[in-house]
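This report refers to the structure that appears directly beneath it.
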Amino acid sequence: MRTVQEILKHSPFDSENLQLHTSVELAEAYRVAGQNYLASSTFEQAAALLEPLGRSDTQTAVVIFNDWALALDKLGRPLEAEKLFRRAIDISRAGQTEETVSPVLLNNYSKTLYQLGRLEEAADYAERAYGKAQRTSDQMVIYQSLYGRALIYIEQRDFNHAASMLAEMEPILRRSLPSGNYWLGALASAQALLAAGRGDFQVALPLADRAVAIVEAASKAGRAGSDFLPVALMRRSTVELAAGQPERAGEDAQRALTQLQAAVPPGAFSSMTGRTYLNLGRALQSQGKRDEAEAAFRLAAEHLQNALGLNHTDTRSALQLAELNKPHQ
């Protein structure tokens, strides 16, 4: 796609319309390859062409705003993603209802609401996406909405409903996807969180290991899922913390941070980076490394405050922990 753009620049047939389409295709190629920072900036360039071409309220705009928001969500910028999803939904809906909005868009929006801690709204959008996908037999949206609902239930400590979602999701994944697909790693990581929530660490820890192994293998093979590896590592870190293994938890958090920081320019704020610093701080705190823990909590608070806002529970936790671990004179 970069070659196409270069040829187009020197072509007598170059036009804003062709620039729009090639920018969208390149941005989506970046996103699928897990290069979300490049995807976001390229979608932004494409979006700037919508108004001059009179396409601000078209399906093309819906696709751009949805896919741009997905990239931002993966970058840990859900406040920005939420605004773009809302624009896409507002363009898609007919009248005052959201009945005409695609289940894909509804489900994508639910994932960002989950990141923002708006769990009841997230569940509502995921359930509606699931219902619409069931009517059209859209297997991708079905398993993705089940996954999202499972994560919401785990957050709410409703483990029975979470287990039900994952049990329904697993056979769909195994029928629909080849072995080694990173979604099987995502499933294992959610199962690990569920088992850890129930206090069953003999089940949770091997599941967390399996999740990381699947996603690492997919990434090394050049398949989709490389941008999920920091998530899998951070979730394994969460399970290890709960299991009383702070050294391993700290190592996984540090690995996740290294990957997250390599994917964006220095100084970029991310909720994912903030949550990983929060895990690192807790791991260091459990090891009695108070000064290092305080530094990690301060960095967590800085990222979370900018990415999620002051009122988010994770931001408040990071600020409180930074203060508690501050050396006293």
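Of all residues in the range 184-206, how many are surrounded by 23 or more Cβ atoms within 10 Å (Cβ to Cβ) and over 20 Å from the mean Cα position of the chain (by Cα)? Here the count works out to 2.
Going through (1) modelled with pLDDT under 95; (2) within 15 Å of the chain's Cα centre (by Cα); (3) not assigned by TED's automatic domain parsing to the domain that holds Ser41 one by one, Asn108 falls short only on (1). Residues in the range 300-317 that are part of a helix (DSSP H, G or I), under 12 Å from Arg275 (Cα atoms) and within 20 Å of the chain's Cα centre (by Cα): Ala300, Ala301, Glu302, His303, Leu304, Gln305, Ala307, Leu308, Thr313, Asp314, Thr315.
For the condition part of a helix (DSSP H, G or I), touching a residue at least 12 places away in the same chain (Cβ under 8 Å), surrounded by 18 or more Cβ atoms within 10 Å (Cβ to Cβ) and not charged (D, E, K, R), what is the one hit in Ala71, Ala29?
Details: Ala29 fails: surrounded by 18 or more Cβ atoms within 10 Å (Cβ to Cβ).
None of the other options fit; the residue is Ala71.
The set of residues from the range 216-231 being part of a helix (DSSP H, G or I), over 13 Å from Gln254 (Cα atoms) and touching a helix residue (DSSP H, G or I) at 6+ places or on another chain (Cβ under 8 Å) comprises Glu216, Ala218, Ser219, Ser226, Asp227, Phe228.
Matching residues to (1) at pLDDT 95 or above; (2) within 19 Å of Gly117 (Cβ to Cβ):
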site: Leu257; (1), (2): yes, no
site: Val264; (1), (2): no, no
site: Met272; (1), (2): yes, yes
site: Tyr277; (1), (2): yes, yes
site: Asp291; (1), (2): no, no
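One residue stands out among those in the range 130-183 that are surrounded by fewer than 13 Cβ atoms within 10 Å (Cβ to Cβ) and charged (D, E, K, R): the one that is nearest to Ala232 (Cα to Cα), which is Arg157.
Okay, residues lined up against (1) under 25 Å from Tyr125 (Cβ atoms); (2) at pLDDT below 95; (3) polar (S, T, N, Q):
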site	(1), (2), (3)
Ser15	no, yes, yes
Val24	yes, yes, no
Leu49	no, yes, no
Ala69	yes, no, no
Leu72	yes, no, no
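Filter the range 43-67 for residues that are closer than 21 Å to Asn107 by Cβ and of a type in the set (A, V, I, L, M); which is farthest from the chain's Cα centre (by Cα)? The selected residue is Ala61.
Can you confirm whether Ala322 is more than 23 Å from the chain's Cα centre (by Cα), of a type in the set (A, V, I, L, M) and at pLDDT below 95? It would help to see each step written out before you state the result.
Details: more than 23 Å from the chain's Cα centre (by Cα): yes; of a type in the set (A, V, I, L, M): yes; at pLDDT below 95: yes.
Yes; evaluated as a whole, the condition is true for this residue.
Taking the criterion of being surrounded by fewer than 21 Cβ atoms within 10 Å (Cβ to Cβ), of a type in the set (A, V, I, L, M) and assigned to a helix (DSSP H, G or I), the residues of the range 48-68 that qualify are Ala61, Val62, Val63.
Note on the range 242-287: residues that are within 22 Å of Leu324 (Cβ to Cβ) and either in contact with a strand residue (DSSP E or B) (Cβ under 9 Å, 6 or more places away or on another chain) or charged (D, E, K, R) (or both) amount to 3.
In the list Gly180, Gly199, Gly148, Gly185, which residue meets the criterion of being outside any helix (DSSP H, G or I) and modelled with pLDDT of 95 or more? Spell out how you get there, then give the answer.
Working: Gly180 fails: modelled with pLDDT of 95 or more; Gly148 fails: outside any helix (DSSP H, G or I); Gly185 fails: outside any helix (DSSP H, G or I).
Sole residue among the options that is outside any helix (DSSP H, G or I) and modelled with pLDDT of 95 or more: Gly199.
The values are calculated or read from the model by the stated rules, or taken from the named source; none is laboratory data. If you're wondering where the values come from, they're calculated on a predicted model, not measured in any experiment. FYI the Cβ positions are ideal-geometry reconstructions off the backbone, even for glycines, and counts take in every protein chain you see.
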